[in-house]
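Coordinate-derived values only; no laboratory data. This one's a predicted model, so the numbers in the text were calculated from it and none came from an experiment. Neighbour counts are summed over all protein chains in view; Cβ atoms, including those assigned to glycine, are modelled from backbone coordinates with ideal geometry.
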Amino acid sequence: MIAMPSEELLHAVYLVATVLFIMAIKWLSSPVTAKRGVLAGEIAAALAVGATLFNPELVATSGSSPRCSLARALASLWAWCT
């Protein structure tokens, strides 16, 4: 069974994703740092989606199991890569 992350860990991941989103916007404003901005935005989006999928409150209210969350995450990753 997949262990659910603590609330503090989720908040930390959301905070890192927020900072990365802000930095991505800053880096996208220059052609020199645009590639770095795109990468930072992609990582931030992946972190935010992953934290949301593994949020215990979301799992408890939707009635799905951690395995369903993992399946959703893998399906999202597959869709993103294709």
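Inter-label distance, Tyr14 to Leu39: 2.8 nm, where each label sits 7 Å from its Cα along the C-beta direction. For segment 41-55, backbone phi angles converted through the Karplus equation (6.51, -1.76, 1.60; θ = phi - 60°) give residue-by-residue couplings of x, 5, 5, 4, 5, 5, 4, 5, 5, x, 5, 5, 5, 9, 5 Hz, Gly and Pro being listed as x. Using the Cβ-Cβ distance between Val49 and Lys26 with R0 = 30 Å, the FRET efficiency computed as 1/(1 + (r/R0)^6) comes to roughly 0.85. Once both labels are positioned 7 Å from their Cα atoms along Cα-to-Cβ, the gap between Glu57 and Leu74 label points is 2.8 nm.
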